[in-house]
Amino acid sequence: MKSQICLAFGTLALLLASALADDVVVLTEANFDKEVGQDRGALIEFYAPWCGHCKKLAPEYEKLGASFKKAKSVLIGKVDCDEHKSLCSKYGVQGYPTVQWFPKGSLEPKKYEGPRTAEALAEFVNTEGGTNVKIATLPSNVAVLNADNFDEIVLDETKDVLVEFYAPWCGHCKNLAPTYEKVATAFKSEEDVVIANLDADKYRDLAEKYGISGFPTLKFFPKGNKAGEDYDGGRDLDDFVSFINEKCGTSRDAKGQLTSTAGILSSLDALVKEFVAASADEKKAVFSKIEEEVEKLKGSTARHGKIYLKAAKSCLEKGADYPNKEIERLQRMLDKVKSYYCNRSTYSEWFDCYS
C-alpha cells in the first residue's frame with residue numbers, strides 16, 4: 001500500500017524534474033534533421049558516455065546550454081555516439097568529444113577547435129551565430145566553510161556533513177570541483193545533508209586538527225560521529241551519490257531526483273502489513289503501534305513516517321479501498337502533468353515524452 005503511494009509521489013517528482021530538465025537538447029537519429037540545419041544555428045557535441053574528456057566538458061557544456069536557453073537563434077545540442085553511431089559517422093566524428101557548428105539552414109558543419117570552457121564556447125557561438133550572450137553564473141550548492149562557521153555547520157548533530165578539504169592551487173581539486181558541485185546539487189533538497197568544502201590552505205589550523213596532509217581529502221561527519229570518518233570511495237558522481245544514500249538514508253539519483261525507494265521505511269513495513277491484514281476492530285490497535293514507532297523517528301525518516309501515519313489514518317477514516325482510490329487519483333495527476341509539459345516543450349522534448 002504505502003510503497004505504491006510513495007512510488008506514485010516519486011514518479012510525480014521525476015516527471016516534473018524531467019519535464020524541466022537539461023538546457024542542452026538531446027539529439028537522436030529521429031530528430032536531428034528536424035532540429036539542426038533549420039532556422040537557427042546549432043552547436044553540437046558528439047560524445048560518448050564513458051569518455052573522460054566528455055565528462056570533464058559536461059558541466060561547461062551544461063553551463064553553455066543554460067546561458068543560451070533564451071537565444072532563439074541558437075541551439076545547443078548533444079548526440080550520444082554510443083547510441084547513434086551512424087549519425088556520428090555521417091558527420092565524420094572519430095574522437096570524443098567532437099564539437100561542431102552547423103550554420104542556420106545548413107548541414108555542413110564547421111569543427112570547433114578552441115578551449116573547452118563555457119566562456120570560450122560562448123565566444124565562438126556568438127561569433128558564428130551573431131548573438132551576444134554571456135555565460136550565466138550559477139549559484140553554488142556547496143557550503144563554503146571557514147574558521148567562523150566550521151563548528152556550527154560540521155558539528156551540528158542534526159546534520160550529516162561531507163567535507164572536502166582542498167587547496168586552490170591543487171590540480172586534482174580543480175578536477176573534482178564540477179563533480180562535487182553536482183553532488184551538492186543532487187542533495188540540495190535534503191535538509192539533513194550538507195555538502196561542504198574548506199580551503200585547507202587558508203585555514204591550516206583546521207586542516208591540521210583533522211589530520212589533513214594531502215589534497216583533496218574528504219571526510220564524512222555523520223550525526224553520530226562528529227570526530228569524522230575518512231571518505232575512501234570513488235570520486236565519480238555515482239560513487240558519491242551511492243555513499244550519501246547509504247550513509248544518510250536518502251534516495252536520490254545523480255540528478256537529485258527521487259528513486260523508487262524514496263520514503264520507504266523498512267522499520268514500518270511490517271506494521272503496515274499487520275495493519276492491512278487486521279480486521280476493522282483490530283486496525284485501531286495497530287494504528288497506535290505505528291504512531292509509537294513514528295514518534296521514535298528523527299530527521300527525514302520522521303517526515304516519511306508521518307506519511308505512513310497519514311495513509312493509515314485515511315484508511316481508518318475512508319475505508320480499506322482508500323489506497324487504490326488514492327493511487328488512481330495520483331495517476332490522473334501524473335498523466336495531466338506529463339501532458340501539460342510535453343505539449344509545451346521543444347520538438348526533441350516532445351519526442352522524448354511520447355517515444
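Things worth noting here:
- Test: residue in region 197-212 that is part of a loop (DSSP other than H, G, I, E, B), in contact with a strand residue (DSSP E or B) (Cβ under 9 Å, 6 or more places away or on another chain), free of Cβ contacts under 8 Å to residues at least 12 places away in the same chain and open to solvent by 20 Å² or more (accessible area, probe 1.4 Å): yes
- Test: PHE215 is more than 22 Å from LYS159 (Cα to Cα) and in contact with a strand residue (DSSP E or B) (Cβ under 6 Å, 6 or more places away or on another chain): yes
- Residue in region 27-44 that is crowded, with 22+ Cβ neighbours inside 10 Å, under 20 Å from GLU128 (Cβ atoms) and not hydrophobic (A, V, I, L, M, F, W, C) present: yes
- Among helices (runs of 4 or more DSSP H) entirely within region 99-191, having at least 3 residues that are assigned by the TED database to the domain that holds SER242 and open to solvent by less than 40 Å² (accessible area, probe 1.4 Å) singles out 171-186.
- 2 or more residues more than 25 Å from ASP156 (Cα to Cα) and open to solvent by less than 80 Å² (accessible area, probe 1.4 Å): qualifying helices (runs of 4 or more DSSP H) within region 236-341: 266-277, 280-296, 299-318
The values are calculated or read from the model by the stated rules, or taken from the named source; none is laboratory data. Because the structure is predicted, anything quoted here is derived from the model rather than measured. So basically every Cβ, Gly included, is an ideal-geometry build from the backbone, and we count neighbours across all protein chains shown. Keep in mind that these areas ignore ligands, DNA and RNA; they rest on the heavy atoms of the full protein, side chains included. Shrake-Rupley method; radii C 1.70, N 1.55, O 1.52, S 1.80 Å.
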